[in-house]
1. On a 18 Å Cα-Cα criterion, which of the cross-link pairs Lys91/Lys164; Lys91/Lys115; Lys102/Lys162; Lys113/Lys162 come out too long?
2. What order do you get for 97-110, 202-215, 150-163, 258-271 when each peptide is scored by the mean count of other beta carbon atoms within 10 Å, highest first?
3. Using amide H atoms built 1.01 Å from N in the peptide plane, name the residues 5+ places from Gly130, or on other chains, whose amide H lies under 5 Å from its own.
4. List the GluC sites (Glu not before Pro) within region 194-272 that DSSP assigns to loop and that have no more than 12 neighbouring Cβ atoms inside 10 Å.
5. Among Ile136, Ile232, which comes first, second and so on when ranked by fewest other beta-carbon atoms within 10 Å?
6. To the nearest 0.05, what FRET efficiency results for Asp269 and Asp197 with a Förster distance of 41 Å applied to their C-beta separation?
7. If r is the Cβ-Cβ distance from Ala215 to Glu89 and R0 is 51 Å, what FRET efficiency results, to the nearest 0.05?
8. Using the Karplus curve 6.51 cos²θ - 1.76 cosθ + 1.60 with θ = phi - 60°, work out ³J(HN,Hα) for each residue of region 86-101 in order, rounded to whole Hz, and write x for Gly and Pro.
Amino acid sequence: MNSLAYYWAKRQAPTPDEHASTIHHARSWPHAPKHKRAMKMTSLQQSIRAVRMSAQVRKPLSLALLGLMLSLSYAEESTPNAEQIAFFESKIRPVLVEHCYKCHSAEALENKKLKGGLYLDSRAGVLTGGDTGPAIIPGNAEKSLLMTALHWEDPDIEMPPKNKLPAAIIADFATWIAMGAPDPRTGSAPIPKAEIDLVKGRQHWAFAPFANTKAPEVRNNDWVRTPVDRFILARQEAVGVTPSSLLSHEKLIRRATFALLGLPPSATDVDN
């Protein structure tokens, strides 16, 4: 593979024949008659342009072939061995079946219980990930989203959601990902079909027509300054919350400068 990559990298440069042809045109140009100089100059420019275009064509092709060879090499190196498969079957698959398949599998999709568009019942599903991206990065457990979920580091993606897995099991998943996430399961992650309920969608408040809503009655009418205040105060009175007292000018300017600048107000700010 190294020799082939070297060959294509070397081919990006002009060949000796191309280089010699260009030098020949350049040396013969000053001694040519005036009416032939333009022709030779045009020929020289065409030769240079041809060399440049040839290099531009070879470069993307060589990079594409090099990338293909590297990907094939990685695929061969990432083939799990018997020991790695045994680790997955004994440490990883049982946990996935017991704690994850209910919400992250093709069966969950059929039961309309699929969560986050994530499938953990196939290698392709794990690598593809769900709405938040790939679940794992083979060889890098620290940056794998699955480990963040198992450690409960993000309240939005705690997995399993009800009971955190024991530390030993979480360590097994870290070991599995670090060894390249060997997974003998085949098949592709199913693509869920988007179901749009137009009737339910029209009921969303954003699509509802404007309506003349009467402002609610409140007990503390002295606090109300605008009709909007009535809605706020009515909700507060319903749950037994009393509005905070109005702040002085000094406290308002202090809050504003700390929020916007991170510094206390100057004496001039307070006076103005």
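Coordinate-derived values only; no laboratory data. Quick caveat: nothing in here was measured; it's all calculated off a predicted structure. Please note: Cβ atoms are built from the backbone with ideal geometry, for glycine as well, and neighbour counts cover all protein chains shown.
1. Details: Lys91/Lys164 16 Å; Lys91/Lys115 23 Å; Lys102/Lys162 13 Å; Lys113/Lys162 16 Å.
Result: Lys91/Lys115 exceed 18 Å.
2. Details: 97-110: 16.5, 202-215: 7.1, 150-163: 13.6, 258-271: 10.1.
Packing proxy ranking, top to bottom: 97-110, 150-163, 258-271, 202-215.
3. Hits under the 5 Å cutoff: Ala135.
4. Values: sites: Glu195, Glu217, Glu237, Glu250; in loops: Glu195, Glu217.
The qualifying sites are Glu195, Glu217.
5. Working: Ile136 23, Ile232 14.
Fewest-to-most ranking of Ile136, Ile232: Ile232, Ile136.
6. Working: r = 54 Å, r/R0 = 1.31.
Efficiency, rounded to the nearest 0.05: 0.15.
7. Working: r = 66 Å, r/R0 = 1.29.
It comes out at approximately 0.20.
8. Result, ordered by residue: 4, 5, 5, 5, 8, 10, 9, 4, x, 5, 4, 5, 6, 10, 10, 4 Hz.
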